[in-house]
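Q: Sharing a structure here in structure tokens format.
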Amino acid sequence: MFYLPKIIAYYMKNLLALAAFFIFCAATHAQENVRRLYPGAAPGSEAWNWQEAVSDTNMFNTKIVYNVVNPSLTVVAPEAGTANGTGIVICPGGGFHTLSINSEGFDVANWLARRGVTCFVLKYRLVHSVTNDPVKELMAAMGGDVKKFNTEIAPTVAMALADARAAIAYVRQHAAQYGITPNKIGIIGFSAGGTLAGGAAFGYTPDNKPDFVAPIYSYMPPELVTTVAKDAPPMFLTAATDDQLHLVPGSLMLYEKWLAVGKTVELHLFGKGGHGFGMRKQNLPTDNWIERFGDWLQLQGYVAAPKAAPQDWPNLNRFAADNEKVKAMQAAGKRVVFMGNSITEGWLSLDPAFFEGRPYINRGISGQTSPQMLLRFRQDVINLMPDVVVILAGTNDIAGNTGPATLETIMGNIASMAELAKANKTKVVLSSVLPAFDYPWKPGMHPVEKIAKLNDMIKEYAAKNNCVYLDYYGAMADERKGLPKALSPDGVHPNLAGYKIMEPLAEKAIQEALR
């Protein structure tokens, strides 16, 4: 199997990085319903008597499903009148111990459903976890005897593949019920789920043959790789060459086998992205892998060309519904809005306790620059009628996320937000830009000097315009004037320890603004 010593070393040394990489919010599943895969107990695991469970608090810092006993399909259907007859089974990954149910499951389903595909998110059988921390158990098991570990999970892998085949057969059997064309049923899987998607392309029957397959950063154990059939389905493959689990050779092997017998196959290898990128946003080309998958589906005749969508550059829709709820609520105390980028957004994910029970509203959006924040400032801040706004902006501008920007332009946008707030009787806290020695998504930008100069400009503006200056930089910078590893997995985004330094500073600044 693919649980080699290199994999063990990667996980054991990079838990914080994985936690920071997994950005996790609950998905909204349009028109969904759940169907048991088998009418009774799943064949081969009739004696299993434990209960399926969900963990939101774990070392991966994402919602995971574990202890699946009764495999099921959650149907995510397109909006009425938009289905195009294509169906797909989606297999999340998680080392056959857990399922990354959002980034590799429902987020994928929602994207495809918006393009007319009827999606079936598969919960397949997993290794039994005896505690409520399956990720910790997985790490301990992988850190022991590798051969023993592989032997122990082998029966579960076989049952999971049986579940994937049964899922395809179920969709085909019920194609008319879901408005699906019986010969337009595919399967996509990620990591361990990719093993199932790839495995389904071999040894199939007419009932469970996939019409297209998409193993994503998957590994194909040798015992699953047999002869490519004459009617083998078209295949889409993608991975990142810096995959920490070194699984790229598996994708290359599948590509070469399909190519050798003249079967339709497309492979995308990204230079950066790591393992497990799924639907996460890293400001890297891997963010758009699913667009390439959509292009491929279109070429194969499984989806139509997408209609041009209205542009929402500042992401005005992100908090539109939440803002209406906030406006209808009476604040229990002095309301404070935190306006910012991924550092602000990630704060709520990594330390929700800081926001719970306080009249604090998080309005951070990953990747945003100061002009985007300025455009949404009225609806995401002013209209909520806060007593204080805490503004954290500038690092993504320096990184050039939305194009080149001078320090004067960045400062002008921050000043405009401050002046809008003050005009509406909201006190202003202006945060320093956090230290960063380099940007992992745009290396070589040399941001140290620009961050220091921008912070001087923010501090000077705050002093002259009756705003509170909140100095995160001075409390967090290391000798390189970057963010130390103890406070950040990637040198830009704080971990929990980083946020614990920021929190008392923020509270002190808020209290100062309210005086």
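Q: With free of Cβ contacts under 8 Å to residues at least 60 places away in the same chain and closer than 26 Å to Thr98 by Cβ as the only criterion, which of Thr227, Thr238, Thr264 stands out?
A: Result: Thr238 is the single residue among Thr227, Thr238, Thr264 that is free of Cβ contacts under 8 Å to residues at least 60 places away in the same chain and closer than 26 Å to Thr98 by Cβ.
Q: Continuing with this model, one more query. I'd like the full set of residues that are crowded, with 23+ Cβ neighbours inside 10 Å, of a type in the set (S, T, N, Q) and either assigned to a helix (DSSP H, G or I) or touching a Lys or Arg at 6+ places or on another chain (Cβ under 9 Å) (or both), limited to the range 91-116.
A: Once the filter is applied, which keeps residues that are crowded, with 23+ Cβ neighbours inside 10 Å, of a type in the set (S, T, N, Q) and either assigned to a helix (DSSP H, G or I) or touching a Lys or Arg at 6+ places or on another chain (Cβ under 9 Å) (or both), the range 91-116 yields Ser100, Asn102, Ser103.
Q: Is one or more of the residues making up the range 345-364 surrounded by fewer than 21 Cβ atoms within 10 Å (Cβ to Cβ), over 18 Å from Gly498 (Cα atoms), aliphatic (A, V, I, L, M) and assigned by TED's automatic domain parsing to the domain that holds Ser432?
A: Checked against the condition, which is being surrounded by fewer than 21 Cβ atoms within 10 Å (Cβ to Cβ), over 18 Å from Gly498 (Cα atoms), aliphatic (A, V, I, L, M) and assigned by TED's automatic domain parsing to the domain that holds Ser432, the range 345-364 yields no hits at all.
Q: Can you list residue pairs whose Cβ atoms sit under 6 Å apart, with the first residue in the range 105-129 being hydroxyl-bearing (Ser, Thr, Tyr) and the second being in a helix (DSSP H, G or I)? Count only pairs 6 or more apart in sequence or on different chains.
A: Thr118/Tyr178; Tyr124/Ala160; Tyr124/Asp163; Ser129/Glu137
Q: Which residue out of Thr86, Thr74 is in contact with a Ser or Thr (Cβ under 8 Å, 6 or more places away or on another chain), in the same structural domain as Asp133 (by TED's automatic domain parsing) and of a type in the set (S, T, N, Q)?
A: Thr86
Q: Moving on. So Val69 passes all but one of these: (1) at pLDDT 50 or above; (2) assigned to a helix (DSSP H, G or I). Which condition number does it fail?
A: Exception for Val69: condition (2).
Q: Would it be correct to say that Tyr219 is aromatic (Phe, Trp, Tyr) and under 24 Å from Met159 (Cα atoms)?
A: In short, yes.
Q: Looking at the range 379-388, is at least one residue in the same structural domain as Pro447 (by TED's automatic domain parsing), touching a helix residue (DSSP H, G or I) at 6+ places or on another chain (Cβ under 9 Å), touching a residue at least 24 places away in the same chain (Cβ under 8 Å) and in a strand (DSSP E or B)?
A: yes
Q: Determine if the range 159-178 includes at least one residue that is over 24 Å from Trp296 (Cβ atoms), of a type in the set (Asp, Glu) and either outside the structural domain of Asn70 (by TED's automatic domain parsing) or at pLDDT below 95 (or both).
A: no
Q: Does Glu152 satisfy the criteria of being out of contact with any helix residue (DSSP H, G or I) (no Cβ under 9 Å at 6 or more places or on another chain) and either over 30 Å from Asn84 (Cβ atoms) or part of a helix (DSSP H, G or I) (or both)?
A: It is false that Glu152 is out of contact with any helix residue (DSSP H, G or I) (no Cβ under 9 Å at 6 or more places or on another chain) and either over 30 Å from Asn84 (Cβ atoms) or part of a helix (DSSP H, G or I) (or both).
Q: Just give me the residues in the range 485-515 being buried (at least 22 other Cβ atoms within 10 Å of the Cβ) and within 19 Å of the chain's Cα centre (by Cα), in sequence order.
A: Across the range 485-515, the qualifying residues are Ser488, Val492, His493, Pro494, Asn495.
Q: Could you tell me which residue of the range 203-242 is surrounded by the fewest Cβ atoms within 10 Å (Cβ to Cβ), considering only residues that are over 18 Å from Val89 (Cβ atoms) and among the small types (Gly, Ala, Ser)?
A: Ala229
The values are calculated or read from the model by the stated rules, or taken from the named source; none is laboratory data. Only a predicted model underlies this, so the values are computations on that prediction, with no experimental measurement involved. Neighbour counts are summed over all protein chains in view; Cβ atoms, including those assigned to glycine, are modelled from backbone coordinates with ideal geometry.
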